[in-house]
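Notes to accompany the following structure.
The values are calculated or read from the model by the stated rules, or taken from the named source; none is laboratory data. No experiment lies behind these values; they were computed from the predicted model shown. Here Cβ is always computed from backbone atoms with ideal geometry, including for glycine, and neighbour counts include all displayed protein chains. SASA here: full protein model, heavy atoms, side chains in, ligands and nucleic acids out. Shrake-Rupley method; radii C 1.70, N 1.55, O 1.52, S 1.80 Å.
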Amino acid sequence: MELDTLVTLTTGTALLTCVLFVVGLHFYAAGKAQRAALVERLSATGQLPVGRRRRFRNMDRRLRRTKLGKDLELRLAATGLDVTPGEFFAYMLATVAGLWLIGQATLAPFFGPLAGALGVWVAIQFLNWQRQKRIEKFINQLPELARILANATQAGLALRTAIGMAAEELEAPAGEELGKVANQLAVGASMDDALGELADRLPSRELVVLVTTLVLSNRAGGQVVSALRNLTETLEERKETRREVRTQLSQVTMTSYAVPALGVGALFLMNGVKDGALDRMTGSPMGQGAVIVAFALYAIGFIMIRRLSRIDV
């Protein structure tokens, strides 16, 4: 009798638990759907900024107060990456720590700090590469941008309206950058300041020429249409010239990266042929100095090759 009562009680408890679990799951799903609908409604009205949840908020807040954080924020804004200065700094520290441990474990303890310094250099070069990539893509869109502005102004639209229309028609990054300019103009910023900030974010000769043309035409009331028509043809020619130069220098660019890669590969090869060779080599001040001088020479070679192969068009 007691066994039957225990079984009945256990069965009832299990059923009650299942029912409560299903009810709780239903309420959780309904609440999550309501929250998503509320966020979407507030985002559509502009009362809630759209974007993912940010990490390392405390680090980001403290970093933005420093000069390093402000410079890093400007670099990230030019790259178009959806990353805050705090997030990038935290990821860079994790990369430096990982490379430090890998270099210390695979080569020798002396190479740990060198690998960490390499991580900082890689992070900076990654930002420069992303920024240059975005600038190149923006330059390729400049002829189409000038053509849209010329057609809009020829149709009788104001330059502010033409910029907003171009921001809607063009893809990123030109659409995003012109959207920022249009928003600044909408809140009362002058044409000179809005276009000047655009030229500062994405510095290039082509953009400076376009910005100067728009600012002077807007200030002096000149013939914007004819100026933009001529500028469109010039930008098309410069676009083709830049493509040819980049194709001709592609082999030199690969050589500049292959030279330091061969040096690092030689270290792994040396350590693989004779285990512990790097430990003994870096165990003396003379060996450490030789390694530092070798890395410095590789860095100088990389910089010299890139400088000599740089052609400004």
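Descriptive notes on the structure:
- For LYS70, a cut-off of 20 angstrom between C-alpha atoms picks up these aspartates and glutamates, skipping any fewer than 8 places away in its own chain: ASP60, ASP82, GLU87, GLU177, ASP193, GLU197, ASP200.
- The calculated 222 nm mean residue ellipticity attributable to helices in the chain amounts to -28500 deg cm²/dmol, summing -39500 (n - 2.57) over DSSP H runs of n ≥ 4 and dividing by all residues.
- Per-q log10 I(q)/I(0), segment 158-241, q = 0.14, 0.17, 0.25 Å⁻¹ (Debye; single scatterer per alpha-carbon; no solvent): -0.47, -0.70, -1.50
- Kirkwood Rh and Cα Rg combined as Rg over Rh, evaluated for segment 68-164: 1.28
- Of all accessible heavy-atom area on the chain, the percent that carbon and sulfur account for (1.4 Å): 63 percent
- In terms of its Cα atoms, segment 87-239 spans 69, 36, 25 Å along the principal axes, sorted from long to short.
- In the complete set of protein chains, residue-level accessible area for PHE27 is approximately 140 Å², probe 1.4 angstrom.
- What the Cβ-Cβ distance of ASP200 and VAL264 gives, at R0 = 35 Å and to the nearest 0.05, is a FRET efficiency of 0.45.
- Hydrodynamic radius of segment 163-313 per Kirkwood, over alpha carbon pairs, in Å: 20.1 Å
- Compactness of the chain as Cα Rg over 2.2 N^0.38 Å, two decimals: 1.50
- The modelled label-to-label distance between ASN140 and THR247, using points 7 Å beyond Cα along the C-beta direction, is 1.4 nm.
- The chain: relative contact order in percent, alpha carbon pairs under 8 Å with at least 6 residues between: 13 percent
- Accessible surface, the chain, averaged per residue in Å² (probe 1.4 Å): 65 Å²
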